[in-house]
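These notes concern the structure reproduced below.
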Amino acid sequence: MALRSSHVHLLLPFLLLFCYFSSISSHNSQDPTTKTMEEFSGYAIHEFESFLSTSLHSISLDIETLQSQIEELSTFSDTPAPSVTRILYSENDVLARRYVKNLMGLSGLSVREDAVGNIFGRWDGYEPELEAVATGSHIDAIPYAGKYDGVVGVLGAIEAINVLRRSGFKPKRSLEVILFTSEEPTRFGIGCLGSRLMAGSEQLANSLKETVDSQNMSFFDAARSAGYAKDNEDLSTVFLKKGSYSAFVELHIEQGPILEEEGVSIGIVTAIAAPASMEVEFEGNGGHAGAVLMPYRNDAGLGAAELALAVEKYVLESGSIDTVGTVGILELHPGAINSIPSKSHLKIDTRDIDEKRRNTVVEKIHQSAVTIAKNRRLSLTEFKIINQDPPALSDKSIIRAMEIATQELNLTHKSMISRAYHDSLFMARISPMGMIFIPCYKGYSHKPEEYASSGDIANGVKVLALTLAKLSQD
Ligand code: GLV
Ligand code: MN
Ligand code: MN
């Protein structure tokens, strides 16, 4: 295809970028499915070869700086290193957000925030009226978590933008880096709070008016303390229309062992498993642990224990390795060794790639809670489904763009399912979505031992940069 001279200055950096990425790969691929840069870009490149040879060596991915940023961000934590605890709207969350906004600014992005603190850093394309291509993840961290969950997809995305800029690339569509508010459910009990609202969840917008944290602080007071939701409690301003972005791509550590075990560099996510969570409360009479004889007790703690075992049973009964269930919170009241628990409170998380099968587990857990309460003469004072989300599929053309990027870089890749949820699950409701996974040590995540190597992070950022470059020209 001939190149129109008026477009040369716009396309040249794009071609340079592909040459750059190809040049930093260690081998020449013999894979017959690997497309040449020329096929991929759709333009002849020979005209630019002399220009390329002088420009290639000046471009680089600055992995040392990225690593030191990951380390620095990890110091905004409520618990000592190596653990990271960063709870929504806490002082450390606000400081970490400031740190990221500053990096966005240094990368030449124009920064804006919505009413709940989703942060957007935009690089205007040369056709800024087109829907942008977005990328991003979260920086909140559950108690005693690690440094990489979410963070790689935020700081890595900023570095991907830096790589593109350094290459001289000019995007046609604008590129946006998004820092999503509260992917983790720690403070207000709901995961993907920011992206769920962006995808237009009226239900969440309404329920947040009544939501308080464990210290009884309301969602809106907490948001205001961090400088958000200043004017009113109308969160419809956070909603985005379907089609607001032409594509969304999230870079994330795998949080599972497969890539490391198989020695594969990049996971290309095809689907995200469907999560559901429930909150349950039993109430009994309590009483003195010595004086109340066993036949006269209705122990709310034993109701909770029985339900926890029932969760395991129903999950295993599904017969599929893809069904999982966890009782991550089990609290007893009054919490004294010599007092029969008069109240118990559980939070239950269950997931599956098959939504129907997951729903069957949820229903069985509900029935079981009713039966346990009856048999133990307890009151089931609460059985609340916090969320029951469908799975999401990645978009085929984004999968293809990610595959081509890994091939250009001579990296091995495999298709995989994300068993963890991500903001991508909700971005898929308003935009074509894709996810790039990188290996992490032993698959560890949600604990301080979480680790991803510089080499793996660098690979992920390069694949992200190339994928964004490709999608931004579409
Ligand atoms: C996200 O952190 C999840 O629990 O999958
Ligand atoms: Mn997480
Ligand atoms: Mn995450």
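The values are calculated or read from the model by the stated rules, or taken from the named source; none is laboratory data. This one's a predicted model, so the numbers in the text were calculated from it and none came from an experiment. Every residue, glycine among them, receives a Cβ derived from its backbone with ideal geometry; neighbour counts consider all protein chains shown.
Within segment 273-288, the set of residues being in a strand (DSSP E or B) and not aromatic (Phe, Trp, Tyr) comprises Ala274, Pro275, Ala276, Ser277, Met278, Glu279, Val280, Glu281, Glu283, Gly287, His288. Residues in segment 410-447 that are more than 16 Å from ligand 1 (Cβ to nearest atom) and either part of a helix (DSSP H, G or I) or polar (S, T, N, Q) (or both): Asn410, Thr412, Ser415, Ser431, Tyr441, Lys442. Residues in segment 226-261 that are exposed (fewer than 15 other Cβ atoms within 10 Å of the Cβ) and not in a loop (DSSP other than H, G, I, E, B): Ser236, Thr237, Glu261.
Within segment 146-203, the set of residues being small (Gly, Ala, Ser), assigned to a helix (DSSP H, G or I) and either out of contact with any strand residue (DSSP E or B) (no Cβ under 8 Å at 6 or more places or on another chain) or under 22 Å from Leu240 (Cα atoms) (or both) comprises Gly153, Ala157, Gly194, Ser195.
When the criteria are applied in full, Arg196 meets the requirement of being within 16 Å of ligand 1 (Cβ to nearest atom), surrounded by 24 or more Cβ atoms within 10 Å (Cβ to Cβ) and either at pLDDT below 95 or basic (Lys, Arg) (or both). Restricting attention to segment 340-360, the residues that are in contact with a strand residue (DSSP E or B) (Cβ under 7 Å, 6 or more places away or on another chain) and without any contact (Cβ under 8 Å) to a residue 60 or more places away in the chain total 3. With respect to the stated conditions, Thr371 is out of contact with any Pro (no Cβ under 7 Å at 6 or more places or on another chain) and either outside any strand (DSSP E or B) or more than 24 Å from Thr186 (Cα to Cα) (or both). Of all residue pairs spaced 6 or more apart or on separate chains, those with beta-carbon atoms under 8 Å, a first member in segment 379-403 that is in a helix (DSSP H, G or I) and a second member that is of a type in the set (Ser, Thr, Tyr) are Ile398/Thr467; Ile399/Thr270; Ile399/Ser415; Ala401/Thr467; Met402/Thr467. For segment 435-469, a residue qualifies if it is away from ligand 3 (no atom under 16 Å from the Cβ), surrounded by 24 or more Cβ atoms within 10 Å (Cβ to Cβ) and of a type in the set (A, V, I, L, M, F, W, C), and the qualifying residues are Val461, Val463, Ala465, Leu466, Leu468, Ala469. Scanning segment 65-120 for residues that are aromatic (Phe, Trp, Tyr) and assigned to a helix (DSSP H, G or I) returns a single hit, Tyr99.
Taken as a whole, segment 122-134 holds at least one residue that is closer than 21 Å to Tyr228 by Cβ and either within 16 Å of ligand 1 (Cβ to nearest atom) or surrounded by fewer than 24 Cβ atoms within 10 Å (Cβ to Cβ) (or both). Can you confirm whether Ser265 is away from ligand 2 (no atom under 16 Å from the Cβ), farther than 26 Å from Leu95 by Cα, in contact (Cβ under 8 Å) with a residue 60 or more places away in the chain and in contact with a helix residue (DSSP H, G or I) (Cβ under 6 Å, 6 or more places away or on another chain)? Taking the combined requirement at face value, the residue satisfies it. Only one of the numbered conditions (1) closer than 30 Å to Glu176 by Cβ; (2) crowded, with 20+ Cβ neighbours inside 10 Å; (3) aliphatic (A, V, I, L, M) is violated by Met278, and that is (1). The sole residue among Gln367, Gln407 that is more than 16 Å from ligand 1 (Cβ to nearest atom) and within 15 Å of Gly325 (Cβ to Cβ) is Gln367. For the residues Ser418, Ser397, Ser339, Ser379, the requirement of being at pLDDT 95 or above, closer than 28 Å to Met435 by Cα and surrounded by fewer than 18 Cβ atoms within 10 Å (Cβ to Cβ) singles out Ser397. Within segment 141-193, the only residue that satisfies the criterion of being more than 16 Å from ligand 1 (Cβ to nearest atom) and either at positive phi or not assigned by TED's automatic domain parsing to the domain that holds Val212 (or both) is Gly168.
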